[in-house]
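Dropping the structure in here first, questions after.
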Amino acid sequence: MLEITDLVHSYGSHRVLGGVSFSVAEGELVSVVGPSGCGKSTLLRSVAGLIRPSGGRITLGGEPVERTPDNLAIVFQDYSRSLFPWMSAANNVALPLRRKGMDRRRRREAAMTALEQVGLADAGGKFPWEMSGGMQQRVSIARALAYRPSLLLMDEPFGSVDAQTREDLEDLVLNVCAHHGITILLITHDIDESVYVGDRVIVLTRSPTRVAADLEIGLGRSRDQIATRQLDAFVRLRAEVGRLVRGGHTTTPASVLEKH
Ligand SMILES: Nc1ncnc2c1ncn2[C@@H]1O[C@H](COP(=O)(O)OP(=O)(O)O)[C@@H](O)[C@H]1O
Ligand SMILES: [Mg+2]
């Protein structure tokens, strides 16, 4: 559904993206991992139509992305700036639904359902400043879910929460992808996380950035924070992605990586 071909972007004379190509199929959860500053957010903003890349081609459902597509939702890392402080959780979640032409009652219902899905059934009346960071990020995820996007973009969404919350939110995202059939592109600099959540992991090089590897993860959809991370296949993939992020070359032929 998403096709990125030879994406190039420069800020002034600084070439950040040096020809990035990969595609995402409907219903897939693809993680993109790469070193800090390699252009992950630039890539995501290009897909979201928030910046116009210097070159290359992005299509979503066959249509070139020229401005922000309607069927898209984004979750950013900085939850403290992504919710309106003067609105309750339920109103934050319901707000974008106005664009869908839903009436007040239906917006409210959809917001409450989404809050329930992220484990915040009782927090609809709370304001952002009454909630922990993890809860605020759950509200951001609920807002994205309520909108029922065909593509959900997440830019290091768990980078600012504590370790326990991070694990809970990773599992929440796996759940969402499995049960709501949403296609997700999740950006992270965390190697373990990229393997834990991904059906596929796209590893980026340093700038000018290209795709170093496109790995099929093949761990199935039902993952467990403790058991999955102990699997030989997980340990091998994590080591492989780590090597690639540090600038090494893939040592394991794709055929071997795809087998387990
Ligand atoms: N608006 C901008 N103007 C100039 N340089 C930018 C801008 N946004 C990002 N950069 C630079 O481009 C590079 C890639 O940034 P970014 O896409 O945010 O990387 P990442 O998300 O992988 O950390 C960095 O060197 C950053 O300083
Ligand atoms: Mg970034």
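The values are calculated or read from the model by the stated rules, or taken from the named source; none is laboratory data. These numbers were taken from a predicted model, which means no experiment stands behind them. Note: ideal-geometry Cβ built from the backbone for every residue, glycine included; neighbour counts use all protein chains shown.
Quick check, is V75 closer than 29 Å to D192 by Cα, out of contact with any Cys (no Cβ under 8 Å at 6 or more places or on another chain), of a type in the set (V, I, T) and at pLDDT 95 or above?
No, not satisfied.
Testing S13 on (1) out of contact with any Lys or Arg (no Cβ under 9 Å at 6 or more places or on another chain); (2) within 14 Å of ligand 1 (Cβ to nearest atom); (3) within 28 Å of S140 (Cα to Cα), one condition comes back false. Which one is that?
Here S13 clears every test but (3).
Then there's this: Look through the stretch 152-171, keep the residues that are hydrophobic (A, V, I, L, M, F, W, C) and farther than 21 Å from E26 by Cβ, and return whichever of them is surrounded by the fewest Cβ atoms within 10 Å (Cβ to Cβ).
A163
Scan V93, V24, V47, V30 and give me the residue that is among the β-branched types (V, I, T), in contact with a helix residue (DSSP H, G or I) (Cβ under 7 Å, 6 or more places away or on another chain) and either modelled with pLDDT under 95 or surrounded by 15 or more Cβ atoms within 10 Å (Cβ to Cβ) (or both).
V93
Are any residues in the stretch 141-160 within 16 Å of ligand 2 (Cβ to nearest atom) and of a type outside the set (A, V, I, L, M), and if so, which ones?
Selection gives D155, E156, P157, F158, G159, S160.
Go through (1) in contact with a Leu (Cβ under 6 Å, 6 or more places away or on another chain); (2) within 16 Å of ligand 2 (Cβ to nearest atom); (3) of a type in the set (S, T, N, Q) for T183 and report which single condition fails.
Condition not satisfied by T183: (2).
Could I ask something else about it? If I filter the stretch 144-151 for residues that are buried (at least 17 other Cβ atoms within 10 Å of the Cβ), without any contact (Cβ under 8 Å) to a residue 60 or more places away in the chain and over 18 Å from the mean Cα position of the chain (by Cα), do I get at least one hit?
no
Out of all the residues in the stretch 3-17, is one or more within 27 Å of H180 (Cα to Cα), buried (at least 22 other Cβ atoms within 10 Å of the Cβ) and touching a strand residue (DSSP E or B) at 6+ places or on another chain (Cβ under 9 Å)?
Yes, there is a match, as at least one residue in the stretch 3-17 is within 27 Å of H180 (Cα to Cα), buried (at least 22 other Cβ atoms within 10 Å of the Cβ) and touching a strand residue (DSSP E or B) at 6+ places or on another chain (Cβ under 9 Å).
Then there is this: Against the condition within 19 Å of the chain's Cα centre (by Cα) and loosely packed, with under 15 Cβ neighbours inside 10 Å, how does Q230 come out, does it pass?
Considered against the rule, which asks whether it is within 19 Å of the chain's Cα centre (by Cα) and loosely packed, with under 15 Cβ neighbours inside 10 Å, Q230 comes out as no.
Any residue in the stretch 184-210 that's under 20 Å from H9 (Cβ atoms): show its pairings with residues that are among the basic types (K, R) and in a helix (DSSP H, G or I) at Cβ separation under 7 Å, as long as the two are six or more apart or on different chains.
Every condition considered, the pairs that remain are I187/K40; L204/K40.
Moving to a separate point now. Pairs needed: first member in the stretch 72-86, under 13 Å from M154 (Cα atoms); second member anywhere, in a strand (DSSP E or B); C-beta distance under 6 Å; at least 6 residues apart or different chains.
Listed pairs, sorted by first residue: L72/L151; A73/L152; I74/L153; V75/M154; F76/D155; Q77/D155.
Within the stretch 27-40, can one find any residue that is of a type in the set (A, V, I, L, M, F, W, C), under 20 Å from D199 (Cβ atoms) and within 14 Å of ligand 1 (Cβ to nearest atom)?
The answer is yes; a qualifying residue exists.
If you don't mind, another one. Give me a count of the residues in the stretch 188-199 that are surrounded by 19 or more Cβ atoms within 10 Å (Cβ to Cβ) and touching an Asp or Glu at 6+ places or on another chain (Cβ under 7 Å).
Final tally of qualifying residues: 5.
Take V256 and tell me if it is at pLDDT below 95 and of a type in the set (V, I, T).
yes
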